[in-house]
Amino acid sequence: MQVEPQTFDRVLSSMCTEPHPDARTAAERFLATNPGDPGTYPTVTELEEEAVSMLGEIAGLDSPAGYVASGGTEANIQAVRIARDRFESRTSNRVGDHTPNRNERSTPNVVMPESGHFSFQKAANVLGVELRIVPTDDDHRADLEAVRHSVDDRTALVVGVAGTTEYGRVDPIPELGEIARSVDALFHVDAAWGGFVLPFTDYEWNFSHAPVDTMAIDPHKMGQAAVPAGGLLAREETLLDELAIDTPYLESTSQATLTGTRSGAGVASAVAAMEALWPGGYQRQYARSQHNADWLADALVARGFEVVEPTLPLVAADVPVSTFDSLRREGWRISRTATGEMRIVCMPHVTRSMLEAFVADLDRLQCR
Ligand code: 0PR
């Protein structure tokens, strides 16, 4: 097959990036290993323990439980699964219970701001829970009053997002954690994208700031690991017990992951990237990315566009559809928010010169 992989030189919409060179090498070395079978592949299993311990350090958790998932979607689905099963054992009302009026009586719910990722829709769908989507405030963060009004004694999980997909916003995590506790629900933080930049900001987002039970934090996004490398963290091992399934054919006795065979390449590359970059390399990258986002925001404001201030390295701006389409035709990979703003994610591969070329194209296309 003679197809060249796509280059990153016009990619401004992705939350994935060019892996760190060490991550690339490690991925190749571990391509044929399967961390889903620890009895057969003990080396990659040890690497996975290292990955979880480093993710814990990044997320403010001393003795973390968790594993390297296929991405944020899997981590979010598993968090909902843990919470649903917790809720069921707390109320002894199984989802498989088909007694009349079971739905009104016992369907657990998950309360999430509208900025939550669509993976929670998949989770709700697969797991048979009700997803209660609550509005965000004027700054695109979870509206606490709305969350307070939506939780009840059937709330299994409250979700907060630390680095939203569309605007890069961080929800008020400690307050959301308190609301979750007030109804005995678990609290999940989706830091799939933000987890590798937030340690260098003043935000209160992690396990040490709030009663967080589980977290999604993805090495294959800002962590600069190869795809697929997501992260699921849990405050205690017992939370993962909710997921454990007996594995009669394997040397190990149980499996907590959603997928069976998994990518050893993802695991090894996550460890290699974190060893190379945590903390100094990530900190420098965050500074560069944030600087680029601020520069782009200023450039767009100077041209008269309405811009959502980039509080993390992600810029959303109200650019006319015709201009957006012309930029796409020039090969720029850009995407739109649900309400139509152009969004640009300042990932590590997005350099200042790329953004300068982008703005030059924007100027050229606008004056036509
Ligand atoms: N949580 C958050 C906050 C995310 O942004 C994403 C992915 C996920 C979870 C899911 O992660 P995985 O894809 O690793 O399972 N975010 C967007 C996505 O769906 C990023 C995105 C959005 C990329 C728009 C391109 C685009 O045009 O991939």
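The values are calculated or read from the model by the stated rules, or taken from the named source; none is laboratory data. Owing to the predicted nature of the structure, the values given are computational and were not obtained by experimental measurement. Please note: Cβ atoms are built from the backbone with ideal geometry, for glycine as well, and neighbour counts cover all protein chains shown.
Looking at segment 187-223 only, could you name the residues that are touching a Pro at 6+ places or on another chain (Cβ under 7 Å) and within 14 Å of the ligand (Cβ to nearest atom)?
Correct list: Val197, His220.
Could you list, in sequence order, the residues of segment 112-133 that are assigned to a loop (DSSP other than H, G, I, E, B) and more than 15 Å from the ligand (Cβ to nearest atom)? Steps first, please.
Residues of segment 112-133 that are assigned to a loop (DSSP other than H, G, I, E, B), as a first pass: 114-118, 128-129.
The answer is Gly128, Val129.
So which pairs qualify, if the first residue must be in segment 229-252 and free of Cβ contacts under 8 Å to residues at least 60 places away in the same chain, the second must be away from the ligand (no atom under 16 Å from the Cβ) and hydroxyl-bearing (Ser, Thr, Tyr), the Cβ gap must be under 7 Å, and the two must be at least 6 apart or on different chains?
Ala244/Ser254; Ile245/Ser254; Asp246/Thr253; Asp246/Ser254; Thr247/Thr253; Thr247/Ser254
Confirm whether Val147 is farther than 29 Å from Cys346 by Cα, surrounded by fewer than 20 Cβ atoms within 10 Å (Cβ to Cβ), of a type outside the set (Gly, Ala, Ser) and touching a strand residue (DSSP E or B) at 6+ places or on another chain (Cβ under 8 Å). Before you say what the answer is, go through the steps one by one.
Numbers: farther than 29 Å from Cys346 by Cα: yes; surrounded by fewer than 20 Cβ atoms within 10 Å (Cβ to Cβ): no; of a type outside the set (Gly, Ala, Ser): yes; touching a strand residue (DSSP E or B) at 6+ places or on another chain (Cβ under 8 Å): yes.
Against the criterion (farther than 29 Å from Cys346 by Cα, surrounded by fewer than 20 Cβ atoms within 10 Å (Cβ to Cβ), of a type outside the set (Gly, Ala, Ser) and touching a strand residue (DSSP E or B) at 6+ places or on another chain (Cβ under 8 Å)), Val147 does not qualify.
Looking only at segment 52-70, how many residues end up being farther than 27 Å from Asp202 by Cβ and either surrounded by 24 or more Cβ atoms within 10 Å (Cβ to Cβ) or away from the ligand (no atom under 16 Å from the Cβ) (or both)?
Going through segment 52-70, the residues farther than 27 Å from Asp202 by Cβ turn out to be 65, 67-70.
Right, trim to either surrounded by 24 or more Cβ atoms within 10 Å (Cβ to Cβ) or away from the ligand (no atom under 16 Å from the Cβ) (or both) and you get 65, 67-69.
Residues meeting the conditions: 4.
Of everything in segment 215-236, what is among the β-branched types (Val, Ile, Thr) and buried (at least 24 other Cβ atoms within 10 Å of the Cβ)? Give them in sequence order.
Across segment 215-236, the qualifying residue is only Ile217.
Please go through (1) under 30 Å from Phe87 (Cα atoms); (2) assigned to a loop (DSSP other than H, G, I, E, B); (3) touching a strand residue (DSSP E or B) at 6+ places or on another chain (Cβ under 8 Å) for His220 and return the number of the only condition it doesn't satisfy.
(1)
Which residue pairs have Cβ atoms under 8 Å apart, sit 6 or more places apart or on different chains, and have a first residue in segment 180-191 that is farther than 17 Å from Thr164 by Cα and a second that is away from the ligand (no atom under 16 Å from the Cβ) and at pLDDT below 95?
Asp184/Arg90
Between residues in segment 52-80 that are at negative phi and residues that are of a type in the set (Asp, Glu) and within 11 Å of the ligand (Cβ to nearest atom), which pairs lie under 9 Å by C-beta distance while being six or more apart or on different chains?
Ala69/Asp218; Gly72/Asp190; Gly72/Asp218; Ala75/Asp190; Ala75/Asp218; Asn76/Asp190; Ala79/Asp190
Being crowded, with 20+ Cβ neighbours inside 10 Å and either assigned to a loop (DSSP other than H, G, I, E, B) or within 16 Å of the ligand (Cβ to nearest atom) (or both) is true for just one of Leu258, Leu176, Leu239, Leu250. Which residue is that? Give the derivation first.
On the way: Leu258 fails: crowded, with 20+ Cβ neighbours inside 10 Å; Leu239 fails: either assigned to a loop (DSSP other than H, G, I, E, B) or within 16 Å of the ligand (Cβ to nearest atom) (or both); Leu250 fails: crowded, with 20+ Cβ neighbours inside 10 Å.
That would be Leu176, the only listed residue that is crowded, with 20+ Cβ neighbours inside 10 Å and either assigned to a loop (DSSP other than H, G, I, E, B) or within 16 Å of the ligand (Cβ to nearest atom) (or both).
Could you give me the residue pairs with C-beta distances under 8 Å whose first residue belongs to segment 117-135 and is among the hydrophobic types (A, V, I, L, M, F, W, C), whose second residue is in a loop (DSSP other than H, G, I, E, B) wherever it lies, and which are 6+ apart or on separate chains?
Hits for this filter: Ala123/Val129; Leu127/Val95; Val129/Thr107; Val129/Pro108; Ile133/Glu114; Ile133/Gly116; Val134/Glu114; Val134/Asp143.
Please determine, by comparing only the residues of segment 64-102 that are in contact with a Gly (Cβ under 7 Å, 6 or more places away or on another chain) and within 21 Å of Thr238 (Cβ to Cβ), which one is modelled with the lowest pLDDT. I'd like the intermediate steps shown before the answer.
Initially, segment 64-102 is screened for residues in contact with a Gly (Cβ under 7 Å, 6 or more places away or on another chain), giving 64, 66, 68-72, 74-75, 95.
Add one more test, that the residue is within 21 Å of Thr238 (Cβ to Cβ), and what stays is 64, 66, 68-69, 74-75, 95.
Values: Pro64: 97, Gly66: 97, Val68: 98, Ala69: 98, Glu74: 98, Ala75: 98, Val95: 55.
So, considering only residues that are in contact with a Gly (Cβ under 7 Å, 6 or more places away or on another chain) and within 21 Å of Thr238 (Cβ to Cβ), the one modelled with the lowest pLDDT is Val95.
Just to verify a result, which residue in segment 152-166, among those that are over 13 Å from the mean Cα position of the chain (by Cα) and buried (at least 24 other Cβ atoms within 10 Å of the Cβ), is nearest to Ala317 (Cα to Cα)? Can you show your working first?
Of all residues in segment 152-166, those over 13 Å from the mean Cα position of the chain (by Cα) come to 152-158.
Then keep just the ones that are buried (at least 24 other Cβ atoms within 10 Å of the Cβ); that gives 155-158.
Values: Thr155: 35, Ala156: 36, Leu157: 32, Val158: 29 Å.
It comes out as Val158.
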